[in-house]
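A short worksheet on the structure shown next.
Readers should treat all values here as calculations from the given coordinates under stated rules, not as data from a laboratory. Please read these numbers as outputs of a predicted model, since none were measured by experiment. Heads up, the Cβs are rebuilt from the backbone with ideal geometry, glycines too, and the neighbour counts pull from every protein chain shown.
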Amino acid sequence: MDERGFRQFLKKAGKKPHVVDGLVRGVETAVAHFTTTHQTGLDEVTPPLLQAYGELLPRKEAKAQMRALGLYYKFVGNERLAKVAGQIREAGIAQTRRTFKLAEFRGVNQADVAKLAAQGIVTVEEMLAAGKTPQERQQLAEQTGIASETILELVKLSDLARLGAVRAVRARLYYEAGLDTPDKFVGWDPEALRQKLIDFVAKTGFDGIAPLPKELRHAIADAEKLPKIVRY
């Protein structure tokens, strides 16, 4: 591993020194594993081998290791393995997330939520699976008697819930402020986006506050890497 080059890469990406140290240690741990167990270097690792490595580790450690490896593979230009590491990490994060129910979103019609529950659609994951295309959303509206606009709103709120810590209030704030799908976060500067949300709250009297820049940085980063699963 080109440790010096990797450290410079991480520093340019804005990582703090203690974070850089942790990421480097993570890659070093992986190097030791693949060298000792499989007699292979990081650049020769196959996707199945990387997957097997992730499954060997405790869940929290696996997420940290895959983050480190994903950044390392970006550093060396191996986009294929960087993507695989990201997918393994995202799968681990998804397993630790609390199941979020549609009924918990602020401002939703509970009668409509009950109609969806009767169709077996209770969580955001189920809403996304059932309404990922215009045709499926229209069919669901006809089956439940819920307005197609409401179905679309619930799909968008569910899509926004994929952005890290976004849940009941944050999803509603973003939706009402015009950031109603993850792709609308891409390209924003966190400070500028926060000011937009501060202005929105002040203008509308929204019952909530604008997120801090750190939270928005995470939301923007998530939006840039999330695969698109909904067709609007």
Computed about the Cα centre, the charge dipole of the range 17-172 from +1 Lys/Arg and -1 Asp/Glu charges at the Cβ has a magnitude in debye, to the nearest 20, of 460 debye
Residues with beta-carbon under 12 Å from that of Leu173, excluding Leu173: net charge, scoring Lys, Arg +1 and Asp, Glu -1?
-> +2
Interchain or long-range residues, amide H under 5 Å from Thr123's placed H = Leu102
Relative to the longest principal axis of the chain, what angle (0 to 90°, nearest 10) does the C-alpha long axis of helix 17-38 take?
-> 70 degrees
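Mean residue ellipticity at 222 nm from the helices of the chain, using -39,500 (n - 2.57) per DSSP H segment of n ≥ 4 over the full residue count, to the nearest 500 deg cm²/dmol? Let's see the in-between values first.
Working: 12 runs with 155 residues, N = 232.
-21000 deg cm²/dmol, from helical runs alone.
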Karplus couplings for the range 120-132 from phi (6.51 cos²θ - 1.76 cosθ + 1.60, θ = phi - 60°), rounded to Hz, Gly and Pro as x?
-> x, 10, 10, 9, 5, 5, 5, 5, 5, 5, 7, x, 7
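Give the relative contact order (percent, whole number) for the chain; include only Cα pairs under 8 Å separated by 6+ residues. It would help to have the intermediate numbers written out before the result.
Numbers: 222 pairs, mean separation 30.1, N = 232.
Taking the mean separation of contacting Cα pairs over the length of the chain, I get 13 percent.
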Karplus (6.51, -1.76, 1.60) ³J(HN,Hα), θ = phi - 60°, over the range 51-56, in Hz, Gly and Pro reported as x = 4, 5, 5, x, 6, 6
Ranking Val201, Val155 by Cβ neighbours within 10 Å, fewest first, what do you get?
-> Val201, Val155
Percent RCO, i.e. relative contact order, over the range 3-96, from Cα pairs under 8 Å lying at least 6 residues apart = 26 percent
For the Cα atoms of the chain, what angle does the longest principal axis make with the long axis of helix 134-144, in degrees from 0 to 90, nearest 10?
-> 50 degrees
